[in-house]
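This report refers to the structure that appears directly beneath it.
The values are calculated or read from the model by the stated rules, or taken from the named source; none is laboratory data. This structure is a prediction, so every number in the text was calculated from the model and none was measured. Glycine gets a Cβ as well: all are built from the backbone with ideal geometry, and neighbour counts include every protein chain shown.
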Amino acid sequence: MLECQAEAFALPKDQHYLNCAYMAPIPRRVERAGIEAIARKRAPAAVTPDDFFRDGEALRSEFADLIHAEDPARVAIIPAASYGLATAARNLPVSRGQRIVTLREQFPSNVYTWTRLAADKGALVTHVEPIAGPDRGRRWNERILEAIDRNTAVVALPHVHWADGTLFDLEAIGRRARDVGAALVIDGTQSVGALPFDVQRIQPDAVICAGYKWLLGPYSIGLAWFGNRFDNGVPLEENWISRRDSHDFAGLVRYRDEYGPGAARYDVGERSNFILVPMLLEALRLLNGWGPEAIQAYCRTISQAIIPAATELGFEVEEAAWRGDHLFGLRLPRGMDPAQLKQAFDARNISVSVRGDAIRISPNVYNATRDAEALVEGLVSHARALA
Ligand SMILES: Cc1ncc(COP(=O)(O)O)c(C=O)c1O
């Protein structure tokens with residue numbers, strides 16, 4: 001069992017930060033890696049050609065380990081989830097009249113990409129809706145399976161819904177997508193790192209992650225894994241380092257038609273980013289050391305210190321089987337104003353997000369039960385003040 005890792009982070013001691021789904025605090029080690037990386041730019045003569053490659057390759061390996069992918073060469077370095085999703089959209093065949101399956105209120109980067117593609121190709125986007133009431137999570141999953149048919153070109157989903165943590169059974173969805181020949185594109189930004197993800201079991205076609213949330217990295221760098229549907233695809237941009245033999249700096253103008261191996265063709269320009277790459281690398285080493293299973297189990301101890309008390313106060317939460325423990329929503333009792341509740345939390349130094357008529361709580365390994373207790377006290381006192 002993982003213990004509280006607050007000492008690995010430098011969060012202010014008086015703050016109850018239950019908002020990793022908004023942005024992760026970077027661990028101390030990651031901060032140090034960033035500062036050392038900035039200092040190296042004082043004297044560029046020490047930056048060797050090998051430095052353009054080494055940390056990036058290590059980063060691919062760590063990410064492959066994290067998602068149980070066999071071949072690190074299938075990992076690409078991206079600047080944002082939208083970039084990885086646009087890469088996927090550019091390379092998937094979609095014909096007039098076909099459908100792209102997404103969810104209601106899915107995160108916009110994983111919606112606009114597909115509405116643009118649909119408009120360009122004369123295809124249609126389905127936003128599968130949940131049905132409020134009992135069994136909401138299970139029934140939403142069922143409706144997704146029903147929406148995937150022979151006319152589906154792409155299924156573009158997260159592992160958990162970004163606003164309320166509803167969990168999607170990606171193994172079942174992956175089987176259904178394969179049965180009908182649809183591509184499965186996963187936005188893992190709100191899950192990979194804190195929720196186990198296994199490429200071999202789910203068999204997606206692409207997995208896209210921004211790095212600044214559950215990967216505990218800095219902003220503006222992320223990672224993507226591309227399956228063999230993408231082996232001969234066209235990248236969004238043509239940069240020198242993605243081409244074969246780019247490590248031969250003296251020979252760069254012997255222009256090459258071939259790309260480097262695997263998904264390197266989909267790397268963003270200046271993928272060697274000498275500050276962000278070592279930071280994200282350090283973060284992934286930490287995560288792989290802890291393990292997503294242990295992180296999810298740790299988050300369960302925090303969610304369990306919140307959910308029973310919250311439901312007693314009339315808040316509604318998704319059933320355990322259909323939500324994450326690292327990210328879940330508390331739907332407010334009728335008459336309670338989310339903005340007012342947020343204000344009450346702010347006054348107690350409790351950081352959560354308001355999404356629609358719910359508050360989103362997203363703990364991680366730096367939280368302790370005292371953070372859960374502070375949140376419950378905040379809920380109780382707010383509910384009493386309204387009574
Ligand atoms: C599910 C999900 N995907 C992606 C992102 C970030 O997208 P991008 O990297 O395109 O800014 C977020 C940010 O909140 C998110 O919640």
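Got at least one residue in the range 35-57 being among the aliphatic types (A, V, I, L, M) and under 21 Å from Pro292 (Cβ atoms)? Within the range 35-57, not a single residue is among the aliphatic types (A, V, I, L, M) and under 21 Å from Pro292 (Cβ atoms).
Among the residues of the range 13-26, none qualifies, meaning not one is closer than 18 Å to Arg229 by Cα and either surrounded by 20 or more Cβ atoms within 10 Å (Cβ to Cβ) or hydrophobic (A, V, I, L, M, F, W, C) (or both).
Residues checked against (1) farther than 26 Å from Glu105 by Cβ; (2) surrounded by fewer than 16 Cβ atoms within 10 Å (Cβ to Cβ); (3) modelled with pLDDT under 95:
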site	(1), (2), (3)
Phe345	no, no, no
Ile350	no, no, no
Val365	yes, no, no
Ala368	yes, no, no
Glu377	yes, yes, no
His382	no, no, yes
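Here Arg384 does not qualify as part of a helix (DSSP H, G or I), under 30 Å from Ala43 (Cα atoms) and basic (Lys, Arg).
Only residues that are within 17 Å of the chain's Cα centre (by Cα) and of a type outside the set (Gly, Ala, Ser) were counted in the range 77-111, giving 14. Being under 23 Å from Arg201 (Cβ atoms) and in the same structural domain as Val207 (by TED's automatic domain parsing) is not true of Arg116. Checking each residue in the range 122-154 for being in contact (Cβ under 8 Å) with a residue 12 or more places away in the chain and in contact with a Pro (Cβ under 9 Å, 6 or more places away or on another chain) picks out Arg136, Gly137, Trp140, Arg143, Ala153. Does Ala224 fit the bill of being away from the ligand (no atom under 16 Å from the Cβ), surrounded by 14 or more Cβ atoms within 10 Å (Cβ to Cβ) and either farther than 30 Å from Ala163 by Cα or of a type in the set (A, V, I, L, M) (or both)? For Ala224, the condition - away from the ligand (no atom under 16 Å from the Cβ), surrounded by 14 or more Cβ atoms within 10 Å (Cβ to Cβ) and either farther than 30 Å from Ala163 by Cα or of a type in the set (A, V, I, L, M) (or both) - is not met. Where helices (runs of 4 or more DSSP H) fall wholly inside the range 119-215, the ranges with 3 or more residues that are more than 16 Å from the ligand (Cβ to nearest atom) and either closer than 21 Å to Ala358 by Cα or not assigned by TED's automatic domain parsing to the domain that holds Ser109 (or both) are 136-147. Assess whether Leu286 counts as being under 26 Å from the mean Cα position of the chain (by Cα), in a helix (DSSP H, G or I) and surrounded by 16 or more Cβ atoms within 10 Å (Cβ to Cβ). Yes. Of the set (1) modelled with pLDDT of 95 or more; (2) touching a Pro at 6+ places or on another chain (Cβ under 9 Å), all apply to Arg300 but (2). Taken over the range 362-378, the criterion of being among the aliphatic types (A, V, I, L, M) and touching a strand residue (DSSP E or B) at 6+ places or on another chain (Cβ under 6 Å) is satisfied by Ala374, Leu375.
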